[in-house]
Structure formats: structure tokens, C-alpha cells
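Notes for the one structure printed next.
The values are calculated or read from the model by the stated rules, or taken from the named source; none is laboratory data. On a predicted model such as this, the values are computed, not experimentally measured, just so you know. Here the Cβ is made from the backbone with ideal geometry for all residues, glycine too, and neighbour counts use every protein chain on show.
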């Protein structure tokens, strides 16, 4: 842990490991750095010195209290508690440091609890809501300048040894001679990597880093700073194009994509999503920093060098917990075979991981790719424009997918991508008389993707999206369930599932999946945007705004972030802030919807009416649902119902949000509203 970092130390008895893990995961999902020692073999001078240093330098000490801690008068957690109490006595009484958490019904007057713990506020975590509230309290405390990070530097951790166990049948002497050297701080491309050895190594790294297999108490210890990633976690960084020609990026990107898509279908394996992994493309970054940001136990990186008709693929695998290189290997191939090689490697890697690490876990290698490099490059160009809902951007997305499909008519992922783009055109650009045509086209494209690749989870998620906007929310839920069964570790599938579940009123499940998407893709603006919407639907406005701010900082040109952020401020009655965010770029019809509502609330009726007229000029009857929202927010119930009825007759896709739109609250008891809600056939 670096000097001055704001870290939470999680102290628990071994019997409370499961609730401790849940708390740790919730804090990390919210961006909080946590020291969470999961080693089974505690004790010894090295461990004691490290623990003392961590407690001395952490910002918040969180002891887990339960009947287990009451029943045990001894245990390493007791030493941790004593050290924390001693430190708290040296601190100002006004400075928060101890933050006890109770995970059962242990009373506050329990004699086994230190007096110092009983002097501060306890948090009882009996419900998911209580855990969420606790996480937000921690975030507020860490952000508060009155809770400063320690100025004492943490002690150096003892030298680490490789946690790799000797290969089966390898004599101990040979295993020692083959021990890998520590990784350099900066990325350096080593020669040799790939094939089956890759995931054999990943399996050993991630499994042993968490289970303690083949480790001593020293090697089981997390590196300084409290880094202890989730079990079975890996990131595939974008392979570097070493050819000197940026146009050849599709070779390196393609290999990374195939590996990632294959790994994400392995159940119980947490794979950092593409957006977050590719965030580091072209950046000279410390791999330890990458692993922390993505919260993974292993990192795969590599390079691709093209020379005429020859290509050389080099990769290396690194244990993110110990910092050791595990192996490297080089593949030389003819250029014409490189994309076939990508698929070959991805399949081999998945098989090796399954047999070595997951021990029987089911996996289905996701299909739907292409062997045409130009088709793949066009597909990536289309995907990069997702979330940009202005007409020019949507048309460019459709053109890119068309180019991909022209080169490879069997490219299922491109059909799914185009389906999403066409649906966005129907929902945000098309005139009412065009809705049916574009909606039908989107459904056909999604079903084509499924026909070509029945096990492509993204295709089922895309179809779910089409069905939701076509008012078949029951059918959408069935497709989402199928997508999650096939690709439950895919960030895109989780994001779409959160939306569909939210529309149908399954708000708790929507929030859970939105949080999971952020864990898998922490550097994706779209993932944080989706989480913000799920929080907004749960009426957790402050947290929603934090997620929208994060989304905006990661992807400033996402089209709807400011509109939904304005909604949250409106619900909090902060009209000045709502107006401010709704005036931020990029400007589109929804910014004007937001301003029409907010300015009316501020009493600026002429300005609000001017915003309404702007929407009418821009969109005509295409904005029927938005007119209903505006009039409902203005308090004109008759006009709101009139436009809601028209939206239903026009088949306005905005009606999918009927149950969760905050602007419609004033008309939900109207008979026609209830009738339209019934006709839309929302799932129970």
C-alpha cells in the first residue's frame, strides 16, 4: 500500500469468511481499496509485521463481530483488534477510524467485545440494503478530508516466491531450476507464449493465489496494499500491434477479443470485460496497477508483429498477486492462417483452464465470429460507436456492420450488433410511420444472429432488447434468461439484462446485474451508466448521480447520461443542478425534455414552453411518450394522458419504461394509464 492511500482493513474470524468476502466484494465493486487477508496459514514474523503495518497505515478498521468472535478468546483477529484499539487511542476523538460491523444478533453489550468498539456506532448487516448503505457510508468517510490517509508508509512486504506448484512428474530440482523471474515494473514484451500452457498457468495462478495450494504463510499473503483479487479472475490486455502500421490493429485486437470471448463463457471464471481491458491499449502502465484497477488475479498480455505474409504472436502470463512471469512462448504463422490461429488458441486456452482450474465447470465457447480480418475490423468500428445516439453516429454504426456482413454474411456478432443499431435508430431517430419497419428489421437481424450461432449469448440479449421495445416484456425476459445461462459473465449481457429487468419492475435483480457489469468492466462508461439507471429506478439518487458522473468521466460523449443525471437531481429537488447537467453536451432531444421539466419546476414557464416547442420542431409526434412525461411533470394530467394514449397508438418504444419513469408518477392512478399498463403485458 502506498503512503497516504485510503484503505479499509477487514478483520474477521475464520468462521466468518463468507460474510467477510461479501462485504469485501461490495466495497471493491464501489471502488474502495480493501485489505482482506484470505490466507489459511496465518502467523509468523512475516505475517505479524505485515499486519501491524497495514493496521498502522489503513484509514478505516472494520472488525466483523459475530457469535464466532464472542466464542473465541484467542485467534489472530484478536491480535488485529488489539492493534486497532491501541491505534484508536492515539487518534483524535473526532476522527473516525473504527467501524464495527455485526453480521448476526450479537448484542452491543457482549462482554467479549472490546470497550472501544462499543463506544462507536455499529452497523448491522441483515439485508442487502443495509450492506449497500454501509458501503456508501465507507465511501463518504474515505472522501471526507477529516478522515485523512495515514502518513506512515507501510512496511515492505517480504520477498515473494512463485506460487506455482511443480508440474506433474517434474522432479523438485527441475521445478526449482524452472522457477520464473519476477516481472519488471513496466510492460516489456518477452519472447515466447500461447497454446495450452497459457491457461494451465492461468489456472495455477488464480487457483493457488486464492486457495493456498502449494503456498506457505508468506506466499499466501497479499502484496502490499491489501490486493487480494476474486477467485478465478483474469484480464486479457489488448495485444500490441508491433507492425508499425495502425491499420493492422485488427490482428492484435482480434486475438485479444477471441481469447476474451472464449474465456467469458467458462462458468465461475471472472473475466475483465473488453472495454476495461482495452482501456489500457497503447498506454505504458504498471501491470500491478492494471490488476488492481481490474481486480484480477492474472494478466495475459502479448504482441503481434506482421512482416509481409508472416506473423509472429508473442504473449506472456503474469501472476498479478505475486508479480511473477509464469511463462512465455512465440507462435510463427503465415498471415492467411492468423485468424484461424486466434480461434485455435482461444479454444485450447478455454479447455486447458477448464481442466486445470474449474474441474468440471461447464463452458460453451461462444461462436459467431469471423475469419475475415476486414470484417472484424468493421465490426469493431461499429461497436465503438454504441451508446452514441445521434443520427450520424447510428448511421455510421449501421454502415460499419453492413461492411462486416458484406465481407462475411455468416458473421453472427455483426448481425447482433446491427440489430442493436437499427433498434436505436427506431427508438431515437425514426418517424412514427417508420417504427414498424425498423423494429421488424431489428428483430429479424437478432433472430438471424441466433440462427447462425444459437449459443451466442449476446444475440439472445439483443433479441431481448428488441422484444422489450416492442412491448413483449415476457418474451424479453425469457431471452434474457437464456442469454445469462449462456454468457452470464459477459458485461454486455449483464447490462442488457439490467435494463430489461428494470423495465419489468424486477428492480433488485436489475441492480444486482448492473453492479456485476461494473465489476467486470470497471472502466466502461456504459457499465457505470447502466448502474446509474438501476440505482435511479431504486430511488437511490445520490448513488445514481455518482455513477453518472463516473460514466461521463470515462465516456464524455454518451448521449443520455446528462438526461438521466438531470432526472436524479430533479427527484432530489435540486433544480439548479438539474438544469446545469441537462445543458451539458452532447445535446439531443432528451436534453430539451429535461430542461422543459426542470425550467417549469423553477417557475420559468416561458422558457419551459420554448423547450417543448424545440422538441416538437425536432421530433414531431416521434416524441409522443416524452410529451406525456413533460405534461405529467407539469401537472397537466389531461394532456399527459392524451399523449400517453397517442404514444400507445403509435407504438412508441418509450412505453417500455412506463413502470419506472419518474415523470409519470402524477398520472399512475388514472384509469387510462392503468389500462395501457395492462395492455403492455408486463411480466408478473
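Going through 461, 485, 446, 451 one at a time, which residue ends up being within 22 Å of residue 512 (Cβ to Cβ), at pLDDT 90 or above and part of a helix (DSSP H, G or I)?
Details: 485 fails: at pLDDT 90 or above; 446 fails: within 22 Å of residue 512 (Cβ to Cβ); 451 fails: within 22 Å of residue 512 (Cβ to Cβ).
Step by step, each of 461, 485, 446, 451 is checked, and only 461 is within 22 Å of residue 512 (Cβ to Cβ), at pLDDT 90 or above and part of a helix (DSSP H, G or I).
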Taking the range 383-416 and keeping residues in contact (Cβ under 8 Å) with a residue 40 or more places away in the chain, closer than 27 Å to residue 654 by Cβ and surrounded by 24 or more Cβ atoms within 10 Å (Cβ to Cβ) leaves 415, 416
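Tell me whether the range 516-536 contains one or more residues that are more than 19 Å from the chain's Cα centre (by Cα) and at pLDDT 90 or above. Step through it out loud before you land on a result.
Of the range 516-536, the ones more than 19 Å from the chain's Cα centre (by Cα) are none.
No; the residues of the range 516-536 include none that is more than 19 Å from the chain's Cα centre (by Cα) and at pLDDT 90 or above.
Step by step: first the residues of the range 240-260, then only those that are more than 19 Å from residue 413 (Cβ to Cβ) and touching a helix residue (DSSP H, G or I) at 6+ places or on another chain (Cβ under 7 Å), then the one that is surrounded by the fewest Cβ atoms within 10 Å (Cβ to Cβ). Which residue is that?
Restricting attention to the range 240-260, the residues satisfying the condition of being more than 19 Å from residue 413 (Cβ to Cβ) are 240-248.
Okay, now just the ones that are also touching a helix residue (DSSP H, G or I) at 6+ places or on another chain (Cβ under 7 Å), so 240-241.
Values: 240: 19, 241: 21.
Per the stated criteria, the residue is 240.
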Do any residues in the range 566-579 that are more than 14 Å from residue 536 (Cα to Cα) and in the same structural domain as residue 663 (by TED's automatic domain parsing) have Cβ atoms under 7 Å from those of residues that are part of a loop (DSSP other than H, G, I, E, B) and modelled with pLDDT of 95 or more, where the two are at least six apart or on different chains, and which pairs are they?
575/602
Tally, over the range 7-21, of residues that are touching a helix residue (DSSP H, G or I) at 6+ places or on another chain (Cβ under 7 Å) and assigned to a helix (DSSP H, G or I)
2
Wholly enclosed helices (runs of 4 or more DSSP H) of the range 550-640 bearing at least 3 residues within 29 Å of residue 651 (Cβ to Cβ):
561-571, 589-601, 605-619, 624-634
Consider residue 478 carefully, then state whether it is touching a helix residue (DSSP H, G or I) at 6+ places or on another chain (Cβ under 9 Å), closer than 14 Å to residue 496 by Cβ and in contact (Cβ under 8 Å) with a residue 24 or more places away in the chain.
no
In the range 1-44, how many are at positive phi and at pLDDT 75 or above?
1
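If you take the residues of the range 616-635 that are surrounded by fewer than 22 Cβ atoms within 10 Å (Cβ to Cβ) and touching a helix residue (DSSP H, G or I) at 6+ places or on another chain (Cβ under 9 Å), which of them is farthest from residue 425 (Cα to Cα)? Steps first, please.
Initial filter on the range 616-635 (surrounded by fewer than 22 Cβ atoms within 10 Å (Cβ to Cβ)): 616-621, 634-635.
Still in the list and also touching a helix residue (DSSP H, G or I) at 6+ places or on another chain (Cβ under 9 Å): 616, 618-621, 634-635.
Numbers: 616: 18, 618: 15, 619: 13, 620: 16, 621: 15, 634: 29, 635: 31 Å.
Selected residue: 635.
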In the set 517, 498, the lone residue that is closer than 18 Å to residue 469 by Cα and either crowded, with 23+ Cβ neighbours inside 10 Å or touching a residue at least 24 places away in the same chain (Cβ under 8 Å) (or both) is 498
Filter the range 641-678 down to residues that are in contact (Cβ under 8 Å) with a residue 40 or more places away in the chain and outside any loop (DSSP other than H, G, I, E, B) and give me whichever is farthest from residue 593 (Cα to Cα).
650
Identify, by number, the condition in (1) closer than 28 Å to residue 459 by Cα; (2) surrounded by fewer than 24 Cβ atoms within 10 Å (Cβ to Cβ); (3) modelled with pLDDT of 70 or more that residue 351 doesn't meet.
(3)
Can you tell me which condition residue 428 does not meet? The list is (1) within 16 Å of residue 656 (Cβ to Cβ); (2) over 28 Å from the mean Cα position of the chain (by Cα); (3) at pLDDT below 90, and all the others hold.
(2)
Here are some residues: 340, 320, 362. Which one is touching a strand residue (DSSP E or B) at 6+ places or on another chain (Cβ under 9 Å), at pLDDT below 80 and closer than 24 Å to residue 463 by Cβ?
362
